[in-house]
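The values are calculated or read from the model by the stated rules, or taken from the named source; none is laboratory data. All values derive from a computational prediction rather than experimental measurement. Cβ placement follows ideal geometry from the backbone for every residue including glycine, while neighbour counts extend to all protein chains displayed. Calculation scope for accessible area: heavy atoms of the full protein, side chains included, ligands and nucleic acids excluded. Shrake-Rupley method; radii C 1.70, N 1.55, O 1.52, S 1.80 Å.
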Amino acid sequence: MAQVTTSTHKKTLIQPTLRKPLRKSSLNGWLFASPWIIGLLLFYAYPLISSMYYSLTTYSILDAGEFVGFKNYTELFHDELFWKSISNTIYFAVFFVPLSILFGVSLAMMLNMKVKGLAIYRTIFFLPTLVPQVALAVLWMWLLNPGFGLVNGMLDSVGIQGPNWLGSMNWSKPSLILMSLWTIGQPVIIYLAGLGDISEEYYEAAEVDGASWFQKTRHITLPLLTPVIFYNLVMGLIGAFQQFTLPYTMTQGQGTPANSLTFLCHAYV
């Protein structure tokens with residue numbers, strides 16, 4: 001009985017001494033995480049919750065608005081412009097994301113070769129990502145101009161009549177996809193990092209077995225690069241559904257021609 005009492009007394013003495021370091025470490029953890037938590041609440045959680053609430057009201061900048069329930073959503077689902085913007089956004093995502101992965105992986109594999117001036121080539125392909133979106137839109141509006149644009153001028157020199165890129169409903173979205181593919185330098189850097197993590201031993205073992213370049217790419221490079229490809233796939237889809245600056249700048253917010261460049265993020269701006 002005395003032994004039981006002694007062991008219980010020891011536990012009561014140890015527990016307070018353990019709680020103080022645990023409380024201190026827990027407090028330190030909350031302090032270090034507080035900048036991120038505050039930023040999450042202020043810049044993500046609050047705007048999300050407030051936008052959900054305001055979508056149920058007649059809110060405007062000059063008027064606090066009144067609560068109208070789901071009336072705004074009912075009108076939205078009966079608006080042709082809304083469905084047109086969704087179809088344009090899906091069209092862009094379906095074609096741009098796979099093409100960006102295809103060209104990004106191919107370009108990264110070429111930039112991963114051991115050739116002279118490799119750093120220069122990598123810099124050249126990454127530079128377009130540093131150009132502001134508005135300046136990029138103005139530049140491509142000049143390049144794709146049907147009258148004096150550089151692209152149609154090069155096509156005319158080989159006997160091909162260039163289309164009215166941004167003035168045609170059939171060519172406006174492909175033109176936007178072409179512009180967006182010009183700025184895939186950032187995913188290429190991520191692909192290069194993934195290629196750098198693949199051990200050379202795999203390729204050396206494959207060469208001993210007589211594997212060709214295509215077989216090494218198919219059975220070694222692409223399978224081991226799958227996590228990186230999946231990451232860029234997710235980020236590409238997010239970026240595609242948030243497409244705003246390029247079409248808005250080129251059409252001055254009008255989405256012309258015939259709302260073919262009206263996307264979900266600026267349909268009602």
If packing is taken as the mean number of other Cβ atoms within 10 Å per residue, what is the order of 218-228, 197-207, highest first? 218-228, 197-207
Helix 2-40 against the longest principal axis of the chain: what's the angle in degrees, Cα atoms only, rounded to the nearest 10? 20
Using a Förster distance of 25 Å, how high is the FRET efficiency between Leu222 and Tyr121, based on the Cβ-Cβ distance and rounded to 0.05? 0.65
Given the Cα-Cα distance of Ala193 and Leu155 and 0.36 nm per residue of separation, how much length would full extension add, in nm? 10.0 nm
Provide the packing ranking of 129-139, 81-91, i.e. peptides ordered by the mean count of other C-beta atoms within 10 Å per residue, highest first. 81-91, 129-139
Can you tell me, using C-alpha contacts under 8 Å and at least 6 residues apart, the relative contact order of the chain as a whole percent? 24
So what's the gap between the Cα centers of region 204-257 and region 100-137, to the nearest angstrom? 13
Solvent-accessible area per residue, Å², over the chain with all protein chains present [probe radius 1.4 Å]: 68
Does region 25-174 come out rounded, prolate or oblate, given a ≥ b ≥ c as the square roots of the eigenvalues of its C-alpha gyration tensor, rounded meaning a/c under 1.5 and, failing that, prolate meaning a/b above b/c? oblate
Counting all Cα-Cα pairs in the chain, those more than 26 Å apart amount in percent to 64
What does the C-alpha gyration tensor say about the overall shape of region 87-155? Classify as rounded when a/c is under 1.5, otherwise prolate if a/b is larger than b/c, or oblate. oblate
Relative to the longest principal axis of the C-alpha atoms of the chain, give the angle of the C-alpha long axis of helix 185-196, reported between 0 and 90° and rounded to the nearest 10°. 60
Once label points are set 7 Å from the Cα along Cα→Cβ at both Ala258 and Phe214, what is their separation, rounded to one decimal in nm? 4.2
Would you mind computing, in nm to one decimal, how far apart the modelled labels at Thr129 and Ile38 are, each placed 7 Å from Cα along Cα→Cβ? 3.1
